[in-house]
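Contents: one structure, followed by commentary.
The values are calculated or read from the model by the stated rules, or taken from the named source; none is laboratory data. For clarity, every value in this text was computed on a predicted model and none was experimentally measured. A quick note on method: Cβ atoms are made from the backbone with ideal geometry, for glycine too, and the neighbour counts reach across all protein chains shown. Only protein heavy atoms, including side chains, enter the accessible area calculation; ligands, DNA and RNA are left aside. Shrake-Rupley method; radii C 1.70, N 1.55, O 1.52, S 1.80 Å.
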Amino acid sequence: METSEPTTPGPAAPAVETIRRDSASGRLTRLSSLRAALPANSVPAADPLREIEESGAGDLKRMDGGEETYFFSDLGMTPAYAAFLFRLEEKDLVGLIVETVREDSRLYPRPTPLDFFRGPPFGLGTDQLDDVLGRIREREDCRDIRESRASNGARYFYSTLHLSPEHAEGLTEWNEVGQAENP
């Protein structure tokens, strides 16, 4: 049985379809891009924000940044992934790393490998990561974020709100070395 995206008739249809398509492709949709896509001959009162809010499309979620509003569809993207993208868009790299580490420590519970932030969707370079980690160490509200290292030198981070140092060290070593030595 196939499931399809719900249809949204009326003036919001193009914006809703764009948001759903972007989400399925792993991108947030900026309100400014929806406004820029309006035809030159559109009604002056046309407002994608109002149209989206009145569309009844329950799968669309709004995220307000400092200067931009973003949308995603939970049919094509998880809220957690959208939060990653939101923090990247807003250039909140400290928040991105801290909240990711806290969430991993709380939910799974596990430490987060530093290399996780080098891959998609983050793509952070070594210098960028070192800068962000330095800022995290300096912030009073981030004192729970700690580093653990495996015997092979791999760096992980965890939150002491959810993992003890001993537990985090053990998990780090197991992830990096123990699993490979115990097939």
Practice item. Give me the angle, in degrees from 0 to 90, between the Cα long axis of helix 79-89 and the longest principal axis of the Cα atoms of the chain, rounded to the nearest 10. Key: 90 degrees
Exercise for review: Count charges around N182 for me, please; just the other residues with Cβ under 13 Å from its Cβ, Lys/Arg as +1, Asp/Glu as -1.
Suggested key: -3
Review point. Separation between the E99 and E68 pseudo-spin-labels, each 7 Å from Cα along Cα→Cβ, expressed in nm?
Key: 1.5 nm
Exercise for review: Note the full-extension length gain between N152 and E166 as 0.36 nm times their separation in residues minus their Cα-Cα distance, in nm to one decimal.
Suggested key: 3.3 nm
Review point. Given the Cα atoms of the stretch 46-149, and with Rh set as the inverse mean 1/r over their pairs in the Kirkwood sense, what is Rg to Rh to two decimals?
Key: 1.04
Exercise for review: Tell me which label goes with the value of Cα extents along the principal axes in Å computed from the coordinates here: [x] 82, 32, 22; [y] 64, 45, 26; [z] 87, 35, 24.
Suggested key: [y]
Point to revise | Residue-normalised accessible area of the chain, given per residue in Å² at a 1.4 Å probe | key: 58 Å²
Practice item. Per residue, how big is the convex hull around the C-alpha atoms of the stretch 93-183? Give it to me in cubic angstrom, could you? Key: 98 Å³
Check your understanding: Distance in nm between label sites at R30 and T126, each 7 Å beyond Cα in the beta-carbon direction?
Key -> 3.2 nm
Revision key, fill the gap. Quick tally, 1.4 Å probe accessible area for D127, D144, sorted with the most first, runs D127, D144
Study note, to complete from the structure: Placing each pseudo-label 7 Å from Cα in the direction of the beta carbon, D115 and L88 end up separated by a distance in nanometres of 1.9 nm
Exercise for review: Pick out which of G153, G65, G125 has the largest mean-square fluctuation in a Gaussian network model of the chain, springs linking Cα atoms closer than 10 Å.
Suggested key: G153
Check your understanding: Do any trypsin sites (Lys or Arg not before Pro) in the stretch 49-102 lie in a DSSP loop with no more than 13 other beta carbon atoms within 10 Å, and if so, which?
Key -> K91
Review point. Pairing the Cα long axis of helix 13-24 with the longest principal axis of the chain, what angle in degrees results, from 0 to 90 and rounded to the nearest 10?
Key: 20 degrees
Revision key, fill the gap. Computed D for the stretch 25-105, Stokes-Einstein, Kirkwood radius over alpha-carbon pairs, 4 °C, 1.567 mPa s, to the nearest µm² per second, is 92 µm²/s
Check your understanding: DSSP loop trypsin sites (Lys or Arg not before Pro) in the stretch 122-183 with at most 13 other Cβ atoms within 10 Å of their Cβ, which ones?
Key -> R139, R143
**Study point:** the chain: calculated mean residue ellipticity at 222 nm from DSSP helix runs of at least 4, using -39500 (n - 2.57)
**Key:** -12000 deg cm²/dmol
